[in-house]
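Worksheet: one structure, shown below.
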Amino acid sequence: MAFSKDELWAGGGWSWSAFNTLLVTGMSIVSIWSEVAAASNGSTGSGVGTILFVVFYTLLIGGAVSLGVMLVGLPGAWFVGRRLRRVASVPTHVAVHGVLGAALGVIVFGVYVVTIGQGRVLDALDTPLLPITVALTTSSVVFGWWMASRRARSERRSDDRRSPLGLDEAFDPHASLR
């Protein structure tokens, strides 16, 4: 597969968008869950206002922080992309980009522990923050690669042994039926 700066930026943009979508969705679910739990215990919470507050600040803070992480992670993605440009195996690309995403998640967690967590590593490890962060960054980076590399993958012949299932054609609504 070829690799260009346009694909790098597209992958970064897709990864950033996916991460923020997952983050806002997750925070919204947690907020709704908390409001429902508070209401079932007889507490009268602020309901929709709290949820909107959480979503707004998640977008504001999470969006800014994840934009910084994306910009810091782009050189690593460039290195990985350049090394994989002659590798045709989609599973290899998925695995390597997954490792890149997981590494970014661990780095983000480490920065969190040092800055906001005041260096209390054991306290931070006692929360689900590390696996959640790694899962979000891993899935976001793999999704970003998948979306950015679609054109290069679609240019492969469907009978090419490196693309045995023709997945891109199978899920492309614009592909012609033969």
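The values are calculated or read from the model by the stated rules, or taken from the named source; none is laboratory data. If you're wondering where the values come from, they're calculated on a predicted model, not measured in any experiment. Virtual Cβ from ideal backbone geometry, glycine too; neighbours counted across all protein chains shown. Surface accessibility is based on the protein's heavy atoms, side chains included, excluding ligands, DNA and RNA. Shrake-Rupley method; radii C 1.70, N 1.55, O 1.52, S 1.80 Å.
Would you please list the contacts, defined by Cβ atoms under 6 Å and residues six or more apart or on different chains, that run from a residue in the range 119-130 that is under 17 Å from residue 105 (Cα atoms) to a residue that is surrounded by 12 or more Cβ atoms within 10 Å (Cβ to Cβ)?
From the range 119-130, the pairs are 121/113; 124/113; 124/117; 130/109.
What's the number of the condition residue 87 fails, among (1) open to solvent by less than 80 Å² (accessible area, probe 1.4 Å); (2) in a helix (DSSP H, G or I)?
Of everything listed in (1) open to solvent by less than 80 Å² (accessible area, probe 1.4 Å); (2) in a helix (DSSP H, G or I), residue 87 misses just condition (2).
Show the residue pairs meeting these rules: Cβ distance below 9 Å; 6+ apart or different chains; first residue within the range 62-77 and loosely packed, with under 14 Cβ neighbours inside 10 Å; second residue of a type outside the set (A, V, I, L, M, F, W, C).
So the pair list comes out as 71/12.
With the requirement that a residue be among the hydrophobic types (A, V, I, L, M, F, W, C) and not in a helix (DSSP H, G or I), what does the range 1-26 give you? Show your work before the answer.
Initial filter on the range 1-26 (among the hydrophobic types (A, V, I, L, M, F, W, C)): 1-3, 8-10, 14, 16, 18-19, 22-24.
If the condition is that a residue be among the hydrophobic types (A, V, I, L, M, F, W, C) and not in a helix (DSSP H, G or I), then 1, 2, 3 are the ones that fit.
With the checklist (1) under 30 Å from residue 145 (Cα atoms); (2) surrounded by 12 or more Cβ atoms within 10 Å (Cβ to Cβ) in hand, flag the one item residue 5 doesn't pass.
Checking residue 5 against (1) under 30 Å from residue 145 (Cα atoms); (2) surrounded by 12 or more Cβ atoms within 10 Å (Cβ to Cβ), the one that fails is (2).
Of all residues in the range 90-123, which are at pLDDT below 85 and more than 22 Å from residue 68 (Cα to Cα)?
Once the filter is applied, which keeps residues that are at pLDDT below 85 and more than 22 Å from residue 68 (Cα to Cα), the range 90-123 yields 120, 121, 122, 123.
Scan (1) closer than 17 Å to residue 134 by Cα; (2) open to solvent by less than 80 Å² (accessible area, probe 1.4 Å); (3) within 19 Å of the chain's Cα centre (by Cα) for the single condition residue 16 breaks and write down its number.
The single condition residue 16 does not satisfy is (2).
Considering only residues that are polar (S, T, N, Q) and either under 18 Å from residue 8 (Cβ atoms) or in a loop (DSSP other than H, G, I, E, B) (or both), look in the range 93-130 and name the one that is least open to solvent (accessible area, probe 1.4 Å).
Let us first name the residues in the range 93-130 that are polar (S, T, N, Q), namely 115, 118, 127.
Applying the additional criterion that residues be either under 18 Å from residue 8 (Cβ atoms) or in a loop (DSSP other than H, G, I, E, B) (or both) yields 118, 127.
Details: 118: 128, 127: 61 Å².
Per the criteria, the residue is 127.
Mind checking which pairs have a first residue in the range 88-113 that is in contact (Cβ under 8 Å) with a residue 60 or more places away in the chain and a second that is open to solvent by 40 Å² or more (accessible area, probe 1.4 Å) and of a type in the set (D, E, K, R), Cβ under 6 Å, 6 or more apart or different chains?
The qualifying pairs are 88/162.
What is the residue count in the range 27-52 for residues that are assigned to a helix (DSSP H, G or I) and surrounded by 15 or more Cβ atoms within 10 Å (Cβ to Cβ)?
Selection size over the range 27-52: 8.
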